[in-house]
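The values are calculated or read from the model by the stated rules, or taken from the named source; none is laboratory data. It should be emphasised that the depicted structure is a prediction, and the values quoted were computed from it without experimental measurement. Backbone-built Cβ (ideal geometry, glycine too); neighbour counts: all protein chains shown.
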Amino acid sequence: MKTSRRSVYGLLPVVAVLIVSVFAACGNSGSASGGSLQERITIEVTAPTSRNAVTEDTIMVTGIVSPRNSTVRINGDAVTVGADGGFQQEIALAFGANRIQIVGELEGARAVTRTINLSRNLVLTVNNPVNNVTVEAAAVLVEGTISDPLSRIHVAGTEVTVAEDGSFSVSLPLFYALTVINVTAEREGVSPITQLITVRRPNATVSIR
């Protein structure tokens with residue numbers, strides 16, 4: 001049976017369309033299976049929630065990383081990542097400014113960094129006596145606390161004992177009608193902190209003119 005040239009030529013556009021469709025399908029299939037999108041690392045810091053100044057010598061850093069098989073480093077040290085992507089690490093704080101860097105890493109993905117800036121302060125509190133108080137007794141009990149119990153406390157130039165919880169107390173005689181009590185806290189690496197408390201004792205035997 002003979003096929004006319006007109007019939008053959010009429011089939012050519014259909015064959016061409018089929019060939020193009022097959023190649024297009026193969027190309028799309030290769031892109032879907034051969035190419036893979038780069039994974040994206042995310043880190044959510046759940047603590048500390050505040051960036052205000054602190055007085056403690058350590059702070060707990062917690063967070064969640066995704067993907068869960070990422071590696072997390074805090075200030076260069078690797079920390080354990082749980083099955084849910086959670087991590088935590090206690091970080092020592094120096095006095096003054098502290099910078100905490102949290103880095104998430106995963107092979108084939110771009111590393112992600114989160115930075116926490118915190119300041120640790122030395123805080124001296126004198127609870128008793130209150131400033132400008134008037135008393136009748138011949139002595140006054142000086143009481144207070146220091147945020148770091150390793151600090152040295154001087155009351156009127158004399159060093160006093162600091163308890164493990166940072167509290168201190170000492171009885172101070174009042175010889176004058178007007179006494180200014182100097183309470184000073186000293187800690188290595190920190191500038192001394194001083195509080196001046198004025199106490200009046202009108203019935204004192206010695207007065208300052």
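Structure summary
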| read-out | value |
| --- | --- |
| Failed criterion for Phe95 (all others in (1) surrounded by 14 or more Cβ atoms within 10 Å (Cβ to Cβ); (2) closer than 16 Å to Ala185 by Cα; (3) assigned by TED's automatic domain parsing to the domain that holds Thr184; (4) not acidic (Asp, Glu) hold) | (3) |
| Leading residue by the ranking (farthest from Asp148 (Cα to Cα)) among those in segment 87-108 that are modelled with pLDDT under 95 and touching a Ser or Thr at 6+ places or on another chain (Cβ under 8 Å) | Ala97 |
| Selection within segment 85-102 - more than 15 Å from Met60 (Cβ to Cβ) and part of a loop (DSSP other than H, G, I, E, B) | Gly85, Ala94, Phe95 |
| Single residue of segment 49-70 satisfying the filter (within 9 Å of the chain's Cα centre (by Cα) and surrounded by 11 or more Cβ atoms within 10 Å (Cβ to Cβ)) that is farthest from Gly166 (Cα to Cα) | Val61 |
| Single residue of segment 153-183 satisfying the filter (under 27 Å from the mean Cα position of the chain (by Cα) and under 14 Å from Val123 (Cα atoms)) that is surrounded by the most Cβ atoms within 10 Å (Cβ to Cβ) | Gly166 |
| Test: residue in segment 173-180 that is in contact with a Pro (Cβ under 7 Å, 6 or more places away or on another chain) and in a loop (DSSP other than H, G, I, E, B) | yes |
| Matching residues in segment 41-81 - criterion: being touching a Lys or Arg at 6+ places or on another chain (Cβ under 8 Å) and in contact (Cβ under 8 Å) with a residue 40 or more places away in the chain | Ile41, Ile43, Val45, Ala53, Val54, Thr55, Glu56, Asp57, Gly63 |
| Filter pass, Gly82 being out of contact with any helix residue (DSSP H, G or I) (no Cβ under 8 Å at 6 or more places or on another chain), outside any strand (DSSP E or B), outside the structural domain of Val190 (by TED's automatic domain parsing) and modelled with pLDDT under 95 | no |
| Test: Thr115 is surrounded by 14 or more Cβ atoms within 10 Å (Cβ to Cβ), part of a strand (DSSP E or B) and without any contact (Cβ under 8 Å) to a residue 24 or more places away in the chain | no |
